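Visitor: Please see the structure below; I have some questions.
Bear in mind these aren't lab numbers, they're just calculated from the coordinates by the rules spelled out. Since this is a predicted model, take the numbers as computed values, not measurements. Note that we place each Cβ from the backbone using ideal geometry, even for glycine, and neighbour counts take in every protein chain shown.
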Amino acid sequence: MTDPQPPAFQPAWWLPGRHAQTVFPALLRSPPRIPLTSETFELPDGDFLELAWGPPGQGLAIIGHGLGGSSDSAYVRGLVAELARRGIGSVVLQSRGAGRRPNRHRRSYHAAAWDDLEAVVAGLVERRPGQPLAVVGFSLSGSMLLNWLAERGDCPVALAVAVSVPFELDRCADALEQGFARVYQAYLLRRLRAMAAAKFAARSDAPVPVERIRRIRRLREFDDLLTAPLHGFRDSADYYRRAGCRQRLGAIRQPTRILHAADDPFVPSETIPQADELGPGVSMELQRHGGHVGFVHGTRPGYWLDGRIAGLIETALGNPPSTG
């Protein structure tokens, strides 16, 4: 991929600091109004995903959301809109239970649950043979994506882009329990508790009573009580150890770009991989500022990630560069 000098991100002067860069787009960004078409995608194990299709175009980008996110997330909609502007098609892969309806099985999703991504890619390749594919993963989906690429050396994608990835899950869980970052933990847990409680209120096989789910106050507690038992891990420590993606980055051969900010409040700086840890297909754009899935610039404001990711995909898919 020809991109020898990636552009440096310059944060908006009126939005300084990692917390401002993280909070503003999460709470105050208005998602672009762009039509999405829903599809129920049946999985090999009898469960299903809800896909959300953006406007059609040349090539296709599969977009994965972060923990507690969905196709309604502003950063997802922003990328769909920018890809559509450039004439590139997209589809949002909403993880199990993250769409409008609870999924059928007990399990949900986690940082190494790449089997559903593989099923969607295989289905779309069969459905549209010869169409070039790119895959984008934000935050937790970025971890899923990198784990998949490391495990499957023949993934049929022209480009993978992972954004604001929690490289070491245990250290990230610790970071979310300190200082202002506890606000992020509370924000994530509100979404996760609501999703889990709504699902298990209608069935009798919850790992813990629904009343206990509603009292969860720590992400590590959520992973101990729900993520681990539902997905075959002993406890949260076992999950964090086995599902973290940093340990696998050296195995990635496919063209992969990691976009990350050194001041990400979710990800301690010492957990950001060094260049010698990256596989031959991987390159990292490490910006000094940007927060977690933030990267707000300009005065309007503008969202740097939309253009940067879309530009990388445009180049990788061989589409003529957009103008304007």
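Visitor: 5 Å is the cut-off here: which amide hydrogens, built 1.01 Å from N in the peptide plane, fall below it relative to Gly137, excluding neighbours closer than 5 in sequence?
Guide: Counting only residues 5 or more places away or on other chains, the set is Gly64, Val161, Ala162, Val163.
Visitor: Next question. In whole Hz, with x marking every Gly and Pro, tabulate ³J(HN,Hα) for region 230-237 from phi via Karplus 6.51 cos²θ - 1.76 cosθ + 1.60, θ = phi - 60°.
Guide: Those phi angles translate into 6, 10, x, 9, 5, 6, 5, 4 Hz.
Visitor: Got a sec to turn the phi values of region 74-84 into Karplus ³J(HN,Hα) couplings, 6.51 cos²θ - 1.76 cosθ + 1.60 with θ = phi - 60°, whole Hz, x for Gly and Pro?
Guide: For region 74-84, the Karplus curve yields 4, 5, 5, 4, x, 5, 4, 5, 5, 5, 4 Hz.
Visitor: Report the extension gain between Arg234 and Ala198 in nm, rounded to one decimal, defined as 0.36 nm multiplied by the number of residues separating them, less their alpha carbon distance.
Guide: Values: separation 36, 0.36 × 36 = 12.96 nm, distance 2.45 nm.
Full-extension gain reported as 10.5 nm.
Visitor: Would you mind checking which residues have amide H under 5 Å from Ala98's amide H? H placed 1.01 Å from N; only 5 or more apart, or other chain.
Guide: none
Visitor: For the chain, what is the calculated [θ] at 222 nm in deg cm²/dmol (nearest 500), taking -39500 (n - 2.57) for each run of four or more DSSP H residues and dividing by its residue count? The partial results should precede the final answer.
Guide: On the way: 11 runs with 109 residues, N = 324.
The helix-only estimate for the chain comes to -10000 deg cm²/dmol at 222 nm.
Visitor: Per-residue HN-Hα couplings for region 122-138, Karplus 6.51 cos²θ - 1.76 cosθ + 1.60 at θ = phi - 60°, whole Hz, x for Gly and Pro?
Guide: Once rounded to whole Hz, the list reads 4, x, 6, 5, 5, 6, 10, x, x, 7, x, 10, 10, 10, 10, x, 8.
Visitor: Name the most mobile residue of Gly291, Gly250, Gly142, meaning the one with the largest mean-square fluctuation, in a Gaussian network model of the chain with Cα contacts below 10 Å.
Guide: It is Gly250.
Visitor: What is region 169-243 by shape, rounded, prolate or oblate, if you read a ≥ b ≥ c off the alpha carbon gyration tensor as root eigenvalues and call it rounded for a/c under 1.5, prolate for a/b larger than b/c, and oblate otherwise? Provide the component values of the computation, followed by the final result.
Guide: Working: a/c = 2.70, a/b = 1.28, b/c = 2.12.
Note, shape of region 169-243 comes out oblate.
Visitor: First select every other residue whose beta carbon is under 12 angstrom from the beta carbon of Asp116; then total the charges, Lys and Arg +1, Asp and Glu -1. Show your work: numbers first, answer last.
Guide: Numbers: positive: Arg96, Arg107; negative: Glu42, Asp45, Asp47, Glu50, Asp115, Glu118.
Net of charged neighbours comes to -4.
Visitor: Using a simple spin-label model with points 7 Å from Cα along the Cα→Cβ vector, what separation in nm is obtained for Leu28 and Arg217?
Guide: Simple spin-label model gives 2.9 nm for this pair.
Visitor: Related question: Grab the other residues whose beta carbon is less than 15 angstrom from that of Gln58, score K and R as +1, D and E as -1, and report the net. Don't skip to the answer; put the middle values down first.
Guide: Values: positive: Arg85, Arg86, Arg128; negative: Glu82, Glu314.
After counting each charged neighbour, the total is +1.
Visitor: Another question, if that's okay. Can you give the extra length, in nm with one decimal, that the chain gains between Trp14 and Asp72 once fully stretched, where that is 0.36 nm per residue apart less the Cα-Cα distance? Present the calculation step by step, with values, prior to reporting the outcome.
Guide: Details: separation 58, 0.36 × 58 = 20.88 nm, distance 2.63 nm.
Full-extension gain reported as 18.3 nm.
Visitor: Which value in nm describes the separation of the simple spin-label points at Gln247 and Ser283, placed 7 Å from the Cα toward the beta carbon?
Guide: Here the modelled spin labels are 3.0 nm apart.
Visitor: Quick one: net charge around Pro31, please, counting Lys, Arg +1 and Asp, Glu -1 for every other residue with C-beta under 9 Å from its C-beta. Numbers along the way, then the final one.
Guide: Details: positive: Arg29, Arg33, Arg77; negative: Asp72.
After counting each charged neighbour, the total is +2.
Visitor: Follow-up question, since we're still on this one. When a/c is below 1.5 the answer is rounded, else prolate if a/b is larger than b/c, else oblate, so apply that to region 19-166 with a ≥ b ≥ c taken from the square roots of the Cα gyration tensor eigenvalues.
Guide: On the way: a/c = 1.33, a/b = 1.15, b/c = 1.15.
Here region 19-166 falls in the rounded category.
Visitor: Now, a different point. What's the exposure ranking of His65, His19, going from fewest to most Cβ atoms within 10 Å?
Guide: On the way: His65 25, His19 19.
Ranked by crowding around the Cβ, least crowded first: His19, His65.
Visitor: Top mean-square fluctuation among Leu169, Leu192, Leu140, Gaussian network model of the chain, C-alpha springs under 10 Å?
Guide: Its mean-square fluctuation being the largest, the pick is Leu192.
Visitor: Based only on other Cβ atoms within 10 Å, what is the fewest-to-most ordering of Phe41, Phe138, Phe180? All intermediate terms of the calculation are to be shown ahead of the outcome.
Guide: Details: Phe41 17, Phe138 27, Phe180 11.
Lowest count first: Phe180, Phe41, Phe138.
Visitor: Quick check: residue separation of Ala262 and Gln131 times 0.36 nm, minus the Cα distance between them. What number comes out in nm? Intermediate results must be reported in sequence, preceding the final value.
Guide: Values: separation 131, 0.36 × 131 = 47.16 nm, distance 3.50 nm.
Additional length available on full extension: 43.7 nm.
Visitor: List the residues whose amide H sits under 5 Å from the amide H of Gly298, counting only those 5 or more places along or on another chain, with H placed 1.01 Å from N in the peptide plane.
Guide: Result for Gly298 returns Ala12, Trp13.
Visitor: Indicate the gyration tensor shape class of region 183-324 (rounded, prolate or oblate), computed on the Cα atoms with a ≥ b ≥ c the square roots of the eigenvalues: a/c under 1.5 is rounded; otherwise a/b larger than b/c is prolate and the rest oblate. Write out the running numbers ahead of the final one.
Guide: Values: a/c = 2.15, a/b = 1.67, b/c = 1.28.
Here region 183-324 falls in the prolate category.
Visitor: Dipole of region 265-324, Cα-centred, from +1 at each Lys and Arg C-beta and -1 at each Asp and Glu C-beta, to the nearest 20 debye?
Guide: Values: 3 positive and 6 negative charges, 63 e Å.
Its charge dipole is roughly 300 debye.
Visitor: Only counting other Cβ atoms within 10 Å, I'd like Glu168, Glu177, Glu277, Glu285 sorted with the fewest neighbours first.
Guide: On the way: Glu168 22, Glu177 12, Glu277 15, Glu285 18.
Fewest-to-most ranking of Glu168, Glu177, Glu277, Glu285: Glu177, Glu277, Glu285, Glu168.
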